[in-house]
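Have a look at the structure below, then the notes.
The values are calculated or read from the model by the stated rules, or taken from the named source; none is laboratory data. Remember, it's a predicted structure, so these values are computed and weren't measured experimentally. Don't worry about glycine lacking a Cβ; one is built from the backbone with ideal geometry, like all the others, and counts go over all protein chains shown. Ligands, DNA and RNA are excluded from the accessible area calculation, which covers all protein heavy atoms including side chains. Shrake-Rupley method; radii C 1.70, N 1.55, O 1.52, S 1.80 Å.
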Amino acid sequence: MSVYTPVSEAELAEWLGNYSVGRLVSCEPVKAGIENTNYFVTTAQGRYVLTLFERLPAEELPFYLDLMAHLARHGIPCPAPIADLSDRYLSALNGKPAALVTRLPGRSLERPGVAECAELGALLGRMHLAGRSYSAYLENPRGPRWWRFAAREVAPFLDSQQRELMESELEFQTQHRFPDLPRGPVHADLFRDNALFDQGRISGVVDFYFAGVDCLLYDVAVCVNDWCLADPQADRQLDAARTRALLAACHSVRPLSALERDAWGAMLRAAALRFWLSRLYDFHLPRPGMLVHAHDPDHFRDILQQRVQARPPIWVD
């Protein structure tokens with residue numbers, strides 16, 4: 001669990017007085033995540049999620065919240081931000097920017113199968129199409145510029161083999177940029193724990209706070225690297241059936257181009273590098289906080305190594 005900013009029921013009840021959501025019934029810290037402080041909030045009117053933003057720049061926050069509102073209006077099952085009585089999505093709570101969004105039904109799956117991966121692929125296609133009409137712009141905040149910054153910060157903690165892998169992959173990615181691929185708003189963090197299922201269908205996509213504008217294919221690669229592992233605990237290779245199901249379902253909604261096919265192997269590597277770097281950063285340079293949970297960096301180091309060695313990558317039949 002990550003709770004950097006405690007919120008008492010009395011403090012929350014006072015803050016909710018600026019919203020038309022009814023009286024506070026209960027609040028519970030969310031036992032996941034490492035970036036922000038989250039609480040499940042129940043009021044007399046409904047169920048919500050309260051997020052206190054711990055280190056995201058204030059000027060970026062409207063991009064995320066407005067994107068969620070835009071996608072929700074277009075039928076994507078994502079949390080809808082709740083405006084306060086002054087018609088603002090953002091306000092301050094205990095010295096931090098805070099937002100209230102709807103809480104969606106369902107629960108995440110630890111071991112999604114072929115059908116669930118197909119569900120996700122179709123959802124990605126719909127989400128990317130809906131994002132075309134979103135006019136705000138924010139470059140992917142965990143893109144290549146941030147990779148270089150994070151690599152410098154974590155380098156002193158790595159052994160020679162790890163540094164060699166990191167440096168060689170950064171050089172590879174520098175030489176494999178794809179300016180002609182379809183671009184738009186991407187979730188960029190749609191791991192299994194950020195998708196909710198109810199009766200076999202995706203009922204919610206949550207945690208848009210790493211979103212930004214990037215290659216749409218990058219969003220697909222992030223998902224495949226997490227959802228389609230043959231064995232998440234032991235084997236970093238991709239399961240062919242689940243990978244093809246996800247790609248085919250995405251392709252059926254937003255056709256994947258020949259350029260995207262050619263970029264697929266490099267994009268899988270880019271997605272693995274990004275999360276290896278972020279996990280290294282959070283593991284070796286943690287922030288002071290309460291009950292902070294950091295993920296194992298070696299998981300994505302192993303995924304990156306496997307993607308470097310894999311030839312050719314699995315693609316749509």
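Selection of the range 122-150 for residues being surrounded by 15 or more Cβ atoms within 10 Å (Cβ to Cβ) and more than 20 Å from the chain's Cα centre (by Cα) yields an empty set. Filter the range 126-158 down to the residues that are charged (D, E, K, R) and more than 28 Å from residue 168 (Cα to Cα) and list them by number. Hits for the range 126-158 are 126, 132.
Considering only the range 161-175, state which residues are open to solvent by 80 Å² or more (accessible area, probe 1.4 Å) and without any contact (Cβ under 8 Å) to a residue 24 or more places away in the chain.
The answer is 161, 163, 164, 167, 171, 175.
All conditions in (1) of a type outside the set (A, V, I, L, M, F, W, C); (2) closer than 22 Å to residue 68 by Cα; (3) at pLDDT below 95 hold for residue 214, with the sole exception of (3).
Could you please give the count of residues in the range 190-225 that are among the hydroxyl-bearing types (Ser, Thr, Tyr), assigned to a strand (DSSP E or B) and open to solvent by less than 10 Å² (accessible area, probe 1.4 Å)?
0
Does the range 26-36 include one or more residues that are at pLDDT below 95, in contact with a Leu (Cβ under 9 Å, 6 or more places away or on another chain) and of a type in the set (S, T, N, Q)? Yes; the residues of the range 26-36 include at least one that is at pLDDT below 95, in contact with a Leu (Cβ under 9 Å, 6 or more places away or on another chain) and of a type in the set (S, T, N, Q). When residue 115 is tested against the conditions (1) under 26 Å from residue 294 (Cα atoms); (2) of a type in the set (A, V, I, L, M, F, W, C); (3) out of contact with any Leu (no Cβ under 8 Å at 6 or more places or on another chain), the lone failure is (1).
Scanning the range 24-51 for residues that are open to solvent by 20 Å² or more (accessible area, probe 1.4 Å) and in a strand (DSSP E or B) turns up 24, 25, 26, 27, 28, 29, 38, 40, 42, 47, 49. The set of residues in the range 49-64 being out of contact with any helix residue (DSSP H, G or I) (no Cβ under 9 Å at 6 or more places or on another chain) and in contact (Cβ under 8 Å) with a residue 12 or more places away in the chain consists of 49, 51, 52, 54, 55, 58, 60, 61, 62, 63, 64. So, in the range 1-19, exactly how many residues are part of a loop (DSSP other than H, G, I, E, B), of a type in the set (Gly, Ala, Ser) and either more than 29 Å from the chain's Cα centre (by Cα) or at pLDDT below 95 (or both)? Result for the range 1-19: 2. Please verify whether residue 178 is open to solvent by 10 Å² or more (accessible area, probe 1.4 Å), in a loop (DSSP other than H, G, I, E, B) and in contact (Cβ under 8 Å) with a residue 12 or more places away in the chain, treating the condition exactly as stated. Taking the combined requirement at face value, the residue satisfies it.
Taking the listed residues 287, 242, 279, the one that is touching a residue at least 24 places away in the same chain (Cβ under 8 Å), in contact with an Asp or Glu (Cβ under 8 Å, 6 or more places away or on another chain), open to solvent by 10 Å² or more (accessible area, probe 1.4 Å) and of a type outside the set (S, T, N, Q) is 287, with no other qualifying. Scan the range 12-40 for residues that are within 18 Å of residue 85 (Cα to Cα) and not basic (Lys, Arg) and the total you get is 12. One residue alone among 214, 189, 198, 219 is over 18 Å from residue 250 (Cβ atoms) and of a type outside the set (A, V, I, L, M, F, W, C), and that residue is 198. Within the bounds of the range 62-82, is there any residue that is more than 22 Å from the chain's Cα centre (by Cα), surrounded by fewer than 21 Cβ atoms within 10 Å (Cβ to Cβ) and under 19 Å from residue 21 (Cα atoms)? No, there is no match, as no residue in the range 62-82 is more than 22 Å from the chain's Cα centre (by Cα), surrounded by fewer than 21 Cβ atoms within 10 Å (Cβ to Cβ) and under 19 Å from residue 21 (Cα atoms). In the range 3-23, the residue that is least open to solvent (accessible area, probe 1.4 Å) out of those that are hydroxyl-bearing (Ser, Thr, Tyr) and under 19 Å from residue 45 (Cβ atoms) is 19.
Among the residues of the range 245-276, how many are of a type in the set (Asp, Glu) and surrounded by fewer than 19 Cβ atoms within 10 Å (Cβ to Cβ)? Looking only at that region, the number is 1. The residues of the range 61-98 that are charged (D, E, K, R) and either over 18 Å from residue 206 (Cβ atoms) or in a strand (DSSP E or B) (or both), listed by number, are 84, 87, 88, 96.
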